[in-house]
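*Asks:* Pasting a structure here, questions to come.
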């Protein structure tokens, strides 16, 4: 059935899924769903798919962790988002020295 749909699409490349479904039904007497036609016409074949989620391309563990507010590891590089957050925190503390003192005091309390 997929071969028939592919052949129809090759012969009628400008048709949308609904006319393709109707045309296949009239020409071949087959009932196909528009979702199957849509998947074949617009979707990628299995061998063309990437195993990587396209939304996560370019993200490191640090940037992924920064999005949910957790730190995965102390040895990962600082992300742009973390730098922006640090700058905003520094502005709230009025100066960098006071922010560092607060961070050290917090580290002693936690660790």
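What follows draws every value from the coordinates through simple rules; no lab data is involved. Owing to the predicted nature of the structure, the values given are computational and were not obtained by experimental measurement.
*Asks:* What length, rounded to one decimal in nm, is gained on full extension from residue 33 through to residue 82, with 0.36 nm per residue of separation minus their alpha-carbon distance?
*Replies:* Separation in residues times 0.36 nm, less the Cα-Cα distance, equals 12.9 nm.
*Asks:* Hey, what did segment 2-46 get for relative contact order, percent, Cα under 8 Å, at least 6 apart?
*Replies:* 39
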